[in-house]
Amino acid sequence: MTTTKAPADITDDGILNGRLRLFQPKRGHRFGHDAILLAAAVPVRTGDRVAEFGSGVGAAGLALLARVPGIDVTLFEIDPALCTLAQENIVRNGFSDCARAVVQDVTAPLQAGPFDHVLMNPPFNDRRFQASPESGRRLAHAASPDLLARWIGSARAVLRDRGRLTLIWRAEGLADVLRELETAGFGAVSILPVHPATGKPAIRVIAVGAKGDEAPARTLPPLILNDDASRPSAEAEAILRQGTALRMAEENPPS
């Protein structure tokens, strides 16, 4: 890992208990737990080719690389400044031989693939509500009504047959996720609800689907982030700090 000093408007943050160091903007779009949960859900194995859509500074894709050596990762990001940071993060964490960052609107035709996996954390704030005044945060979080369908359609276009799409989305939008996955020809969908604590409503859902598979969807036992004492649960701690895989990644072996 290199030790390049961050500019004044950039922070240098550790994830996975400091195993990765990532530059990210002080203001605007910043990664959070969603990126690590997304990476932990991908049922990847050594030798697979992976694409991340809307990668930001690369938190999810690089966390996946830290978990599974020997994979090849392409980070697609529409914001050139974030893409530049993602490429720096690739270099400083020692992944130059197996990862790259590409400036790309993923709703436009992609001259890439085929990939074994696509992972994505699409923008999901409804534009009917007030958008962030920060342009970077607004670009990353404000979604048009058809954005989910377009991202899923782009994923289908670059995935091999039976390739896997893994995405994280707001829990109240689960019906939209299932509808768009079915419309795009994804089946064998596994759904993992993510709850902040026992007895609290889910705040996120993680979905893994296979291109061209016709098996029915299934809902897995939920991930509980915090215990009754508001401390991270053992499973959440292992995922967020140690970089272990979610159960759904282990239960969705590659076809």
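The values are calculated or read from the model by the stated rules, or taken from the named source; none is laboratory data. This is a predicted model, so every value here is computed, not measured. So basically every Cβ, Gly included, is an ideal-geometry build from the backbone, and we count neighbours across all protein chains shown.
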| request: Scan region 215-229 residue by residue and report those that are surrounded by fewer than 16 Cβ atoms within 10 Å (Cβ to Cβ) and in contact with a His (Cβ under 8 Å, 6 or more places away or on another chain). | output: 222
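Kindly check whether there is at least one residue in region 218-237 that is in contact with a Gly (Cβ under 6 Å, 6 or more places away or on another chain), farther than 26 Å from residue 21 by Cα and of a type outside the set (Ser, Thr, Tyr).
Step one: of region 218-237, the residues in contact with a Gly (Cβ under 6 Å, 6 or more places away or on another chain) are none.
Checked against the condition, which is being in contact with a Gly (Cβ under 6 Å, 6 or more places away or on another chain), farther than 26 Å from residue 21 by Cα and of a type outside the set (Ser, Thr, Tyr), region 218-237 yields no hits at all.
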| request: Hey, could you check region 150-191 for residues that are part of a strand (DSSP E or B) and touching a Ser or Thr at 6+ places or on another chain (Cβ under 9 Å) and say which is farthest from residue 236 (Cα to Cα)? | output: 161
| query | Just to be sure, is residue 89 at pLDDT 95 or above and farther than 27 Å from residue 170 by Cβ? | reply | no
| said: Could you check region 75-126 and list, in sequence order, the residues that are in contact with a Lys or Arg (Cβ under 6 Å, 6 or more places away or on another chain), surrounded by fewer than 23 Cβ atoms within 10 Å (Cβ to Cβ) and not hydrophobic (A, V, I, L, M, F, W, C)? | reply: 107, 114
| query | Taking region 118-149, which residues are closer than 21 Å to residue 80 by Cα, in contact with a Ser or Thr (Cβ under 8 Å, 6 or more places away or on another chain) and at pLDDT 60 or above? | reply | 118, 119, 120, 147
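Checking the conditions here, which among 205, 194 is touching a residue at least 60 places away in the same chain (Cβ under 8 Å), outside any helix (DSSP H, G or I) and of a type in the set (Val, Ile, Thr)? Break it down into steps so the answer makes sense when it comes.
Values: 205 fails: touching a residue at least 60 places away in the same chain (Cβ under 8 Å).
Being touching a residue at least 60 places away in the same chain (Cβ under 8 Å), outside any helix (DSSP H, G or I) and of a type in the set (Val, Ile, Thr) holds for just one of 205, 194, which is 194.
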| query | List pairs: first in region 99-120 and on the phi < 0 side of the Ramachandran plot, second among the β-branched types (Val, Ile, Thr) and outside any loop (DSSP other than H, G, I, E, B), Cβ under 6 Å, 6+ apart or cross-chain? | reply | 99/73; 99/90; 100/74; 110/158; 112/158; 115/158; 117/50; 119/166
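How many of the residues making up region 91-101 are closer than 14 Å to residue 14 by Cα and among the aliphatic types (A, V, I, L, M)?
Start the filter on region 91-101 by keeping residues that are closer than 14 Å to residue 14 by Cα, which leaves 92-93.
Going one step further and asking which of them are among the aliphatic types (A, V, I, L, M), we end up with none.
Residues flagged as closer than 14 Å to residue 14 by Cα and among the aliphatic types (A, V, I, L, M) within region 91-101 amount to 0.
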| query | Out of the residues in region 155-184 that are under 15 Å from residue 214 (Cα atoms) and among the charged types (D, E, K, R), which is surrounded by the fewest Cβ atoms within 10 Å (Cβ to Cβ)? | reply | 161
